[in-house]
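Written out below as structure tokens is the structure these notes cover.
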Amino acid sequence: MWRAGLGALFIGLLANSAAAACRDDAVFLRGAWGQARFSIEVAETYLEQRTGLMNRENMASAAGMLFVYETPRPLSFWMRNTLIELDMLFVDSQGIVTNIHHRAQPHDETPIEGGVGIAVLEINGGLAKSMGISVGTELRHNSFQKGDPAWAC
């Protein structure tokens, strides 16, 4: 029941997402599975990216953190000092999810390689699978407006 209810909540929040304006504090996702909106913090500076979601005991179910880089680069993350399970969505310059790491474990310092991209969206562990978010999902956010975004603002 929780799984179905959560999916309905996210999809219900996006009934008019196509008309929604891009915002710095929100990311929209769409794919064959449906659509969703997450309230986010954007980690752009070195310090923000280095700290990420460390030392947080919880995160709201419709929240996340978006790590954004100026140019495509090999993306690698770890879970040092991270207290909650996370799903990591690795994203290319068009805003398309190219790789997903499900349920990264708290405190694990094993590098999580995501391939080359410009962004990573971290959401609560297990959400990507429960919602059906998959490789090919499109993200809509101001960060992807340079060049040729798959889902423009």
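Structure above, values below:
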item: Flag for residue 136 being loosely packed, with under 14 Cβ neighbours inside 10 Å and at pLDDT 95 or above; result: yes
item: Residues of the stretch 27-69 classified as touching a strand residue (DSSP E or B) at 6+ places or on another chain (Cβ under 6 Å) and either under 14 Å from residue 142 (Cβ atoms) or in a strand (DSSP E or B) (or both), total; result: 20
item: Answer from 52, 64 - the residue that is closer than 16 Å to residue 119 by Cα, buried (at least 17 other Cβ atoms within 10 Å of the Cβ) and at pLDDT below 95; result: 52
item: Count of residues meeting criterion [more than 13 Å from the chain's Cα centre (by Cα) and not in a strand (DSSP E or B)] in the stretch 107-127; result: 5
item: Check on residue 130, touching a residue at least 60 places away in the same chain (Cβ under 8 Å) and either over 13 Å from the mean Cα position of the chain (by Cα) or open to solvent by 50 Å² or more (accessible area, probe 1.4 Å) (or both); result: yes
item: Unique match (being open to solvent by 30 Å² or more (accessible area, probe 1.4 Å) and at pLDDT 95 or above) among 108, 148, 87; result: 108
item: Count - residues of the stretch 128-144 that are more than 22 Å from residue 84 (Cβ to Cβ) and assigned to a helix (DSSP H, G or I); result: 3
item: Considering residues of the stretch 70-96 that are part of a loop (DSSP other than H, G, I, E, B) and charged (D, E, K, R) only, the residue nearest to the chain's Cα centre (by Cα); result: 92
item: Subset of the stretch 1-34 [open to solvent by less than 90 Å² (accessible area, probe 1.4 Å), modelled with pLDDT of 95 or more and over 13 Å from the mean Cα position of the chain (by Cα)]; result: 31, 33, 34
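Results for (1) touching a helix residue (DSSP H, G or I) at 6+ places or on another chain (Cβ under 7 Å); (2) among the aliphatic types (A, V, I, L, M), shown as yes or no for each residue.
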position: 61; (1), (2): yes, no
position: 89; (1), (2): yes, yes
position: 101; (1), (2): no, no
position: 110; (1), (2): no, no
position: 114; (1), (2): no, no
position: 121; (1), (2): no, yes
position: 132; (1), (2): no, no
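The values are calculated or read from the model by the stated rules, or taken from the named source; none is laboratory data. In this text the structure is predicted, and so the values were computed from the model without any measurement. Glycine gets a Cβ as well: all are built from the backbone with ideal geometry, and neighbour counts include every protein chain shown. Note: accessible area is taken over every heavy atom of the protein model, side chains too, but ligands, DNA and RNA are not part of it. Shrake-Rupley method; radii C 1.70, N 1.55, O 1.52, S 1.80 Å.
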